[in-house]
Amino acid sequence: MELWEKNKLLHARAAFGSALPAFERPLPMQDVVKELFAVKEFEALQVVSEQEWMAYDPKAMKAAGETAKLREMKQEFKSKTIDLNLMWLKQMVETSYPLLEKTALFWHGHFATRNDNPYFDQLLLHELRKNALGNFGDMLRAVSKSPAMLQFLNNRQNKKSHPNENFAREVMELFTMGRGHYTEDDVKEAARAFTGWNFDETGSFVFRERQHDAEPKKFLGKKGNFNGDNILDIILEQKQTALFITQKIYRYFVSDEKVNDKHVTELAGRFYESNYDIASLLRDIFSADWFYSSTTVGAKIKSPIELLTGYRRLIPMYFMNDRTLVYLQRVLGQLLFYPPNVAGWPGGKSWIDSASLATRMRLPEALLGARELDLSMKDDGDMMANHKTGSGDYSVRRNFRTGNMMVNWDTYLGFWKKYPKDNLPDSLASFLLPVSIGTKQLQEVDGFADKASDESYIKSLTILLMALPEYQLA
């Protein structure tokens with residue numbers, strides 16, 4: 001594989017697509033890997049302050065008869081979930097550290113919650129981004145004690161007098177070991193250990209000792225007077241946990257369908273020995289010779305968020321109404337902070353069906369071609385259905401238009417104008433598409449391009465190539 005092809009593959013998987021300079025001057029792979037991991041600063045994303053959250057007291061407002069004010073604040077808080085969605089999406093587009101955001105997006109699907117509470121969502125997002133390239137054990141503990149997770153999986157109702165098993169079950173089945181590596185008795189005993197885990201009015205974790213079952217427990221073959229932290233420690237001692245997480249990360253960064261068991265086993269062993277160092281695991285993947293094999297190329301389907309972010313990082317576009325981006329997420333089937341269920345988004349082939357592929361192929365013309373296209377919403381019957389806020393209506397709609405927007409082509413056009421027209425189709429296809437298309441197909445695409453001027457030729461050819469099914473791959 002040529003150096004440029006390696007650069008392109010790594011940027012497609014570890015970031016949100018290639019930058020233009022990499023096409024002209026591809027770097028040695030060790031330099032690209034080093035640059036991706038060089039995160040020098042981290043800024044939390046916030047749409048609700050602690051003071052604003054503390055002022056939101058539905059019980060007190062109801063008691064004081066302030067029903068109108070309560071309705072207004074409820075609408076405002078629901079709208080702020082969308083604000084957080086757009087703020088994070090903007091961060092993905094503008095960040096100098098795309099690997100951090102790309103990995104945080106993985107963890108967002110792994111530790112899936114849906115509370116319609118922007119304050120809880122931003123606290124959880126902070127932990128996911130802060131620990132995205134850090135230690136998995138630290139992240140697991142932080143997420144497990146977050147108000148978003150404790151509320152979503154009903155652990156506030158988990159008391160010694162009436163244990164609730166939801167949280168304990170999902171911690172093992174979805175977040176650490178996977179189904180089949182624990183028993184129903186283990187679930188019951190773990191639930192007892194997690195009794196009393198709660199949070200206060202500020203969203204800070206609290207341990208309600210009176211609600212905790214302090215009697216001895218037996219979990220995964222061990223006996224003791226376990227609490228929730230002990231359970232997480234025992235789970236992290238299981239090599240199966242390292243294997244399960246490695247398999248999921250492999251599918252996210254390497255291949256949706258074809259998992260090489262030998263590679264995963266070797267990676268998981270080193271991941272376990274590193275005490276769950278996420279950055280070390282990813283470096284192992286991105287530095288492996290097998291990662292740059294032909295079987296890896298085009299082995300992933302871009303998620304909707306990856307697709308939208310890739311467009312906007314390559315060719316800056318500005319929406320007159322940024323809520324348009326919320327509709328686009330819904331059209332494509334991935335709305336940040338609204339996963340379909342606790343298992344998150346399935347990914348892979350689930351992103352594509354006949355309707356969604358047609359929509360994806362028409363999007364470049366809608367976004368970059370200044371054309372209004374009707375796009376059908378996915379009616380999932382669940383995700384944000386009938387959800388209204390003070391800033392707009394997010395209920396299911398059958399038709400959709402992109403609305404007014406501005407596209408800044410300047411940098412992109414300036415780069416490609418340096419290339420001779422005769423070479424432009426090959427050069428653009430090599431840059432934009434993860435896999436090669438045949439000469440005949442490329443000639444057919446080129447035949448539809450607008451050659452009235454250099455600018456119209458570059459623009460139209462770019463849009464046509466982005467509209468190919470191959471562009472959906474990474």
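Tell me which of Tyr250, Phe120, Tyr457 sits at the most positive position along the dipole axis of the chain, charges placed on C-beta atoms (Lys, Arg +1; Asp, Glu -1).
Phe120
Residue-wise, which Karplus ³J(HN,Hα) couplings in Hz belong to the stretch 73-82, taking 6.51 cos²θ - 1.76 cosθ + 1.60, θ = phi - 60°, and x for glycine or proline?
Once rounded to whole Hz, the list reads 5, 4, 5, 5, 5, 4, 5, 6, 5, 5.
Can you find, among Ala104, Ala19, Ala38, the residue farthest towards the positive end of the dipole of the chain? Put +1 on the C-beta of Lys and Arg, -1 on that of Asp and Glu.
Among Ala104, Ala19, Ala38, the one farthest towards the positive end of the dipole of the chain is Ala104.
Can you give the angle from 0 to 90° between the axis of helix 239-253 and the longest principal axis of the chain, with both taken from C-alpha atoms, to the nearest 10?
30
Show which lysines lie in cross-link reach of Lys160 when reach means a straight Cα distance below 28 angstrom and same-chain residues fewer than eight apart are skipped.
Cross-link targets: Lys59, Lys145, Lys188, Lys217, Lys218, Lys222, Lys223.
Tell me the relative contact order for the stretch 409-474 as a rounded percent, counting alpha carbon contacts under 8 Å between residues six or more apart.
Computed value for the stretch 409-474: 39 percent relative contact order.
Identify, among Asn164, Val206, Asn154, the residue whose Cα sits farthest towards the positive end of the charge dipole of the stretch 154-236, taking +1 on the Cβ of Lys and Arg and -1 on the Cβ of Asp and Glu, with the dipole about the Cα centre.
Result: Asn164, furthest along the dipole toward the positive end.
About its Cα centre, how strong a charge dipole does the stretch 180-336 have in debye, to the nearest 20, once Lys and Arg get +1 and Asp and Glu get -1 at the Cβ?
It comes to approximately 520 debye.
With θ set to phi - 60° and the Karplus curve 6.51 cos²θ - 1.76 cosθ + 1.60, what are the ³J(HN,Hα) couplings of the stretch 188-199 in order, to the nearest whole Hz, using x for Gly and Pro?
These are the phi-based 3J(HN,Hα) values: 4, 5, 5, 4, 4, 5, 8, 4, x, 6, 8, 9 Hz.
Please turn the phi angles of the stretch 217-228 into ³J(HN,Hα) values with the Karplus equation 6.51 cos²θ - 1.76 cosθ + 1.60 (θ = phi - 60°), one per residue in order, whole Hz, x for glycine and proline.
9, 10, 9, 6, x, 10, 10, x, 8, 6, 10, x
Arrange the following residues from fewest to most other Cβ atoms within 10 Å of their Cβ: Tyr276, Tyr119.
Ascending number of Cβ neighbours within 10 Å: Tyr276, Tyr119.
Evaluate the charge dipole of the stretch 154-236 about its Cα centre and quote only its size in Debye, nearest 20, assuming +1 on the Cβ of each Lys and Arg and -1 on the Cβ of each Asp and Glu.
Roughly 220 debye for the stretch 154-236.
So how strong a dipole does the chain carry about its Cα centre when Lys and Arg Cβ are +1 and Asp and Glu Cβ are -1, to the nearest 20 debye?
For the chain, the charge dipole is close to 580 debye.
Using a cut-off of 20 Å between alpha-carbon atoms, which lysines can reach Lys102, once sequence neighbours fewer than 8 places away in the same chain are excluded?
Cα-Cα hits under 20 Å: Lys6, Lys8, Lys34, Lys40, Lys90, Lys130, Lys248, Lys300, Lys302, Lys349.
Non-local amide H neighbours of Met405 (under 5 Å, H modeled in plane, Pro and chain starts lacking H): which ones?
Met320
Among all the lysines, which ones have a C-alpha under 21 Å from Lys62's C-alpha, if same-chain residues fewer than 8 places away are not counted?
Lys62 reaches Lys74, Lys78.
Could you list Trp345, Trp88 in order of exposure, starting from the residue whose Cβ has the fewest other Cβ atoms within 10 Å?
Ascending number of Cβ neighbours within 10 Å: Trp345, Trp88.
Using Cα-Cα distances under 8 Å and only pairs 6 or more residues apart, what relative contact order does the stretch 51-133 have, in percent?
31
When the helices in the chain are scored as -39500 (n - 2.57) per DSSP H run of 4 or longer and the sum is shared across all residues, what 222 nm value do you end up with, to the nearest 500 deg cm²/dmol?
Taking each H run of at least 4 residues, the total per residue is -15000 deg cm²/dmol.
Counting only residues 5 or more places away or on other chains, whose amide H sits under 5 Å from the amide H of Lys159 once H atoms are built in the peptide plane?
HN-HN under 5 Å from Lys159: Asn164.
Where a number appears in this text, it was derived from the coordinates with a stated rule and is not lab data. Treat the numbers as computed from the prediction; the structure is a model and nothing was measured. Neighbour counts run over all protein chains shown; Cβ positions are idealised from the backbone, glycine included.
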